[in-house]
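**Q** Quick one: this structure, given as structure tokens, is what I'll be asking you about.
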């Protein structure tokens, strides 16, 4: 794709700024001729490919994994699948064009998504390097220390979430995230601080739209061949896949 775009650019000259997509922006150094050495060109192309992989994983892999666990848990806890479907039908009816306002009214669906993100977060941890010596409570953290925040451990802490922290209970988010965490910075499915995921809101819209359309048209349950074996890599995913049985409504 990179080579094709370079050839097209060379043959057609400049491209208007409004016609550039994300891949073009990544490749600007190749377009303007600054990278004249083969070594530099290879380095830039490798960097472009790496950036595309990051966007693909962050934009597709995490969302698809979230939807996968949501379908699994709604297959196990069928009462929540019923409640979510009833809400979707009540709020959306047969609408084909779903708006952000519509999605904002799906309170039960939002509770379910938040609970899935708590139990099966997209990332297990995130790390930060301390730029200067920092005092944190009774601890002094030296400069250049790598500090890791164990998101999964926080999300399943009984001190924060109660004795049922290991259980699927969307009701804990009935009054929002702040109430559920008792005002503590203990829920970070998209990271935290100035480097929080910039696609957080888009991800919510995407996942809730898919769920709304799925719930309206299908019921689903686990296949007898399903084996519950969460596997921790960068994300938590079903080690043996997620075979489901869907029935059209």
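**Q** Out of the residues in segment 183-198 that are out of contact with any helix residue (DSSP H, G or I) (no Cβ under 6 Å at 6 or more places or on another chain) and surrounded by 14 or more Cβ atoms within 10 Å (Cβ to Cβ), state the one that is nearest to residue 118 (Cα to Cα).
**A** 191
**Q** Oh, and also: If you go through segment 84-98, how many residues are in a helix (DSSP H, G or I) and either touching a residue at least 60 places away in the same chain (Cβ under 8 Å) or surrounded by 14 or more Cβ atoms within 10 Å (Cβ to Cβ) (or both)?
**A** Within segment 84-98, the first condition is being in a helix (DSSP H, G or I), and the residues that meet it are 84-92.
So of that shortlist, the ones also either touching a residue at least 60 places away in the same chain (Cβ under 8 Å) or surrounded by 14 or more Cβ atoms within 10 Å (Cβ to Cβ) (or both) come out as 84-85, 87-89, 91-92.
Selection size over segment 84-98: 7.
Residue-wise test of (1) in contact with a helix residue (DSSP H, G or I) (Cβ under 8 Å, 6 or more places away or on another chain); (2) within 30 Å of residue 238 (Cβ to Cβ).
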{"site": "108", "(1), (2)": "yes, yes"}
{"site": "126", "(1), (2)": "yes, yes"}
{"site": "146", "(1), (2)": "no, no"}
{"site": "152", "(1), (2)": "no, yes"}
{"site": "161", "(1), (2)": "yes, yes"}
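**Q** State yes or no: is residue 115 out of contact with any strand residue (DSSP E or B) (no Cβ under 8 Å at 6 or more places or on another chain) and closer than 20 Å to residue 165 by Cα?
**A** On the way: out of contact with any strand residue (DSSP E or B) (no Cβ under 8 Å at 6 or more places or on another chain): yes; closer than 20 Å to residue 165 by Cα: yes.
So residue 115 fits the description; yes.
**Q** Follow-up. Could you grab me the full set of residues in segment 213-249 that are under 20 Å from the mean Cα position of the chain (by Cα), outside any loop (DSSP other than H, G, I, E, B) and surrounded by fewer than 16 Cβ atoms within 10 Å (Cβ to Cβ)?
**A** Passing the criteria: 213, 230, 231, 232.
**Q** What's the total number of residues in segment 136-148 that are closer than 20 Å to residue 191 by Cα and either at pLDDT below 90 or part of a strand (DSSP E or B) (or both)?
**A** Counting residues in segment 136-148 that are closer than 20 Å to residue 191 by Cα and either at pLDDT below 90 or part of a strand (DSSP E or B) (or both) gives 4.
**Q** Looking at segment 22-36, which of the residues that are surrounded by 10 or more Cβ atoms within 10 Å (Cβ to Cβ) and outside any helix (DSSP H, G or I) is modelled with the lowest pLDDT?
**A** 35
**Q** I'm trying to understand the selection: among the residues of segment 99-135, which are in a loop (DSSP other than H, G, I, E, B) and surrounded by fewer than 18 Cβ atoms within 10 Å (Cβ to Cβ)?
**A** 99, 105, 124, 125, 130, 131, 132, 133
**Q** Here is a follow-up. Have a look at 39, 5, 43 and point out the one that is modelled with pLDDT under 75, assigned to a helix (DSSP H, G or I) and over 17 Å from the mean Cα position of the chain (by Cα).
**A** 39
**Q** From the list 168, 210, pick out the single residue that is under 20 Å from residue 62 (Cβ atoms) and in a loop (DSSP other than H, G, I, E, B). So that I can check it myself, show each step before the final result.
**A** Values: 210 fails: in a loop (DSSP other than H, G, I, E, B).
Result of the check over 168, 210: 168.
**Q** Can you tell me which residue in segment 183-201 is modelled with the lowest pLDDT, limited to those that are in a helix (DSSP H, G or I) and closer than 19 Å to residue 235 by Cα?
**A** In the first step, residues of segment 183-201 are kept if they are in a helix (DSSP H, G or I); the result is 193-195, 200-201.
With closer than 19 Å to residue 235 by Cα added as a condition, the list becomes 195, 200.
Details: 195: 75, 200: 81.
So, considering only residues that are in a helix (DSSP H, G or I) and closer than 19 Å to residue 235 by Cα, the one modelled with the lowest pLDDT is 195.
**Q** Take the residues in segment 72-83 that are in contact (Cβ under 8 Å) with a residue 40 or more places away in the chain and in contact with a helix residue (DSSP H, G or I) (Cβ under 8 Å, 6 or more places away or on another chain); name whichever of them is farthest from residue 246 (Cα to Cα).
**A** Of all residues in segment 72-83, those in contact (Cβ under 8 Å) with a residue 40 or more places away in the chain come to 72-78, 80-81.
Within this subset, residues satisfying the condition of being in contact with a helix residue (DSSP H, G or I) (Cβ under 8 Å, 6 or more places away or on another chain) are 73-75, 80-81.
Numbers: 73: 14, 74: 12, 75: 10, 80: 16, 81: 13 Å.
Selected residue: 80.
**Q** What single numbered condition from (1) modelled with pLDDT of 90 or more; (2) exposed (fewer than 13 other Cβ atoms within 10 Å of the Cβ) fails to hold for residue 180?
**A** That leaves (2) as the condition not met.
The values are calculated or read from the model by the stated rules, or taken from the named source; none is laboratory data. In this text the structure is predicted, and so the values were computed from the model without any measurement. All Cβ positions, even for glycine, are placed from backbone atoms using ideal geometry, and neighbour counts span all protein chains on display.
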